[in-house]
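Derivation of every value follows stated rules applied to the coordinates shown; laboratory data play no part. Nothing here was measured: the structure is a model prediction, and the numbers come from that model. Every residue, glycine as well, gets a Cβ built from its backbone with ideal geometry; the counts of neighbours run over all protein chains shown.
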Amino acid sequence: MPYPLLREIITLFGRGYELIFIESARYNGSQPQAGKSGRTAKDIILTAQPPYARVHFSPAADPRAVVTTGKARFSILTPCLLRMEYSPDGHFEDRPSQVFWHRQQAVPAFGVERTRSGAVKVTTERLRLEYAGNDAPFGHDSLVVTLLDDGTAWQFGDHDAGNLLGTTRTLDKVSGSTRLEPGLLSRDGWVVIDDSRTLVFDETGWLVTRGNRDACDLYFFGHGRDYRGALRDYRAVSGGVPLLPRWSLGNWWSRYWPYSDAELRALMTDFRDHDVPLSVCIVDMDWHLVNVGEGINGWTGYTWNLELFPDPPAFIDWLHGQGLRTALNLHPALGVRPYEAMYPEMARRMGLDPAEGKPVPFDIADPRFTAAYFEILHHPQEADGVDFWWMDWQQGQRTSMAGLDPLWWLNHLHFYDLGRDGKRPFVFSRWGGLGNHRYPIGFSGDTVVSWESLAFQPYFTATAANVGYGWWSHDIGGHMQGIEDRELYTRWVQFGVFSPIFRLHSTQNPFHERRPWGYDAEVERVTRDVMQLRHALIPYLYTMSHLNESEGLAPVRPMYHEYPERDEAYACPQQYLFGTDLLVAPYTSAADPDTRLSRQVVWLPPGDWYHFFSGEYHLGGNWYARHGNLEDIPVYARAGAIVPLGPQTGWGGIENPETMHLRVFAGADGRFALYEDDGESTAYQ
């Protein structure tokens, strides 16, 4: 190649550098020659792009899929998915929004009929859209979409009474149930998403407000009971879910407690000595300075507390040596105060004089602050070994940019920043709204310790799949308040093992006990065995993460995803599908005081089913009342299921196993395509 410098430029560009200036200089392999401006090849200027600027969008629909009439525009994205816009000034939005990134889809077959008044009728194989024309704003009589399969008609403004709901921002302070946001699936057969007020990305990858706040921007999902099809189309136009690191599927430990380095080392050693495997040890907020002066809130911090952690890199190295990954807790809302070690550098970056001691305010809507936030506050910690961050945002929904929720933006920015050098990224944070399925893992918040909280979580976890959000992590055992109870703790652990992410956690209260050996010998035995099972399940779970990334199949799903025409599937909120072949209905209420047995009612769909542990046969298409002792978990496998298990071990078990155990359930043909890779790079993409 006669231009080796150009080859290097291309290589750097692929690594996230932006070409700012390139002179038309020739390079013959030995001597640079000046161009007519006098610059030479060595004067080429490269600047590093921030990670968020490297996101791929394909936001404009194929022109052949677009029908425009006056002030209305309709984009036929799939046979069942329509974008419907009305703009009083006739200008339409083609930039990617927070939710919808990929409107450029294969053009489906459709027909168009027009009248002189501007009325249009658009017909796909599944839908018929009728717009009155005459530049009429969208209204109940001017815009109608009909589902051709059954004749269901939607008119603008109709209420979606059959919506199956989605998820919510947090379970903070909740004991029992809470209200969920609308989802993408409905028994009415249609769902409309109003995208009119979301922000849009500019050419640099930064969010900005829309130019026309009076415009209407709707997405009509008309999939009937084809729920998987609706989620497949949503994933196509909004973006997919990344493959999680393999180690994230093991058991996590976290606790809001002022542990020292020595105490956490001792605790991790105790887990190992008790044959209770872990893959992650999170350090809550006391890793940083908290007692920073009278009247000063120490909730936000970035400077290690050297009294508790005298050598942070050595502590992290020790965790890694034990086969553990780690994260630090973040509450960034109070900015950077003068007592922080990195304050002088942060102040200078923001144009402040460090000698004046003025705090650097948190402003994630400012690109300059954001660059310094990551480069000064986070990247050095990651260089010392921090694997990921726990974004514990609880401080409102406003920023200096109108309409920008800081939680949504933090999730987006942290996700791409963590993956800036080819690392497989994820965030650990609360739900920020539609589009956040792209940024797993979800932290569901500070729940109250109660049977009611446990009883809500199977439904809550599964229903989140209705917005493509498949990786909730709960405070197993509950976070705060309530009454500690050995049975409640055990049942919560059992549910946690058969949930997307398993994480023990509680608040700073000595009466909250989350160690399996902290109750009695029976609880220790039962919870130890099931936490060992969690690590043995990683081959199955990791394959489910691959299916979520490649096909959009959430690891935990409501029964109606697979059985949409069965009324029973909508009437069993205490059970869910776990991966491709298992059905789980955990015990979520206290045992009968006389029989000392727990009870759960389970609906088994048509077909043959087996209890996962005992092998007991059940004929499907029926309801069953399951009674069990403390070690029983109502988990069922369909006939033909093949479930790969790694060895059941007291520590480790995260990596691809050398020995595989297959649990096979007879009665039907079965197939399981096991997925393995290096577990942490982005080479799978």
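Tabulated values for the structure
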| read-out | value |
| --- | --- |
| Structure-based [θ]222 nm, the chain - -39500 (n - 2.57) summed over DSSP H runs of at least 4, per residue, nearest 500 | -6000 deg cm²/dmol |
| Positive-pole candidate from Asn509, Trp472, Thr490, dipole of the chain, charges at beta carbon | Trp472 |
| Spatial separation of Cα centroids for the stretch 650-685 and the stretch 389-468, in angstrom | 27 |
| Glu616 paired with Glu565, simple spin-label distance in nm, labels 7 Å along Cα-to-beta-carbon | 3.2 |
| Most to least packed among 144-156, 654-666 [average Cβ atoms within 10 Å] | 144-156, 654-666 |
| The stretch 63-238 shape via C-alpha gyration tensor axes, a/c threshold 1.5 | oblate |
| Assigned charges on the beta-carbon of Lys, Arg, Asp, Glu; the chain dipole about Cα centre (debye) | 1700 |
| Whole-angstrom gap from the stretch 471-486 to the stretch 332-356, using each part's C-alpha centre | 37 |
| The chain - share of DSSP beta bridges that are antiparallel (%, nearest 5) | 80 |
| Solution diffusion estimate, µm²/s, Stokes-Einstein, the stretch 193-268, Kirkwood Rh from C-alpha pairs, 20 °C, viscosity 1.002 mPa s | 120 |
| Cα centroid separation - the stretch 76-116 against the stretch 135-182, whole Å | 19 |
| Under Karplus coefficients 6.51, -1.76 and 1.60, residue-wise ³J(HN,Hα) of the stretch 276-282 in Hz, glycine/proline x | 10, x, 10, 10, 9, 10, 8 |
| HN-Hα J in Hz across the stretch 319-325 - Karplus 6.51, -1.76, 1.60, θ = phi - 60°, x for Gly and Pro | 4, 4, x, 8, x, 10, 9 |
| Fully extended contour minus Cα-Cα distance, from Arg116 to Ala355, at 0.36 nm per residue | 78.9 nm |
| Sites Ala60 and Arg663, calculated FRET efficiency, Cβ-Cβ separation with R0 45 Å, nearest 0.05 | 0.40 |
| Charge dipole (the chain, unit charges on Cβ, about Cα centre) - positive-most of Gln98, Pro277, Gly621 | Gln98 |
| Label selected from (i) 196; (ii) 205; (iii) 164, the criterion being volume of the Cα convex hull per residue in Å³ as computed here | (ii) |
